[in-house]
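Q: This is the structure I have questions about; it appears just below.
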Amino acid sequence: MARSDTMIHVRLAPELKEFIRLRAKDQERSINAHVVFLIRQEMEKEKASDLAVGKQSDASITNE
């Protein structure tokens, strides 16, 4: 990840952090890399769903 990436702070309940930590370890990723992976996965699901129903996702809409 480039140092120019935006940094955010997120508060998680301890059991959520532990869940993410264990899944990241299982997949040989850092917690950060796993969170990024999960968010990208959700973005792809949304994009596929929007394409299936013929909608434009918010990310693909441009101002003219």
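Rule-based calculations on the coordinates, nothing more; no lab input. What you see is a predicted model; the values in this text were computed from it and never measured. As a convention, Cβ positions derive from the backbone with ideal geometry for all residues, glycine included, and neighbour counts pool all protein chains shown.
Q: Along the Cα→Cβ direction, 7 angstrom out, place labels at Arg21 and Leu51. What is the inter-label distance in nm?
A: So the label points at Arg21 and Leu51 sit 3.8 nm apart.
Q: Using label points projected 7 Å from each Cα along Cα→Cβ, tell me how many nm separate Leu12 and Ile31, to one decimal.
A: 0.6
Q: HN-Hα J couplings of region 10-16 from phi, Karplus 6.51/-1.76/1.60, θ = phi - 60°, integer Hz, Gly and Pro as x?
A: Rounded to whole hertz, the list is 10, 8, 10, 5, x, 5, 5.
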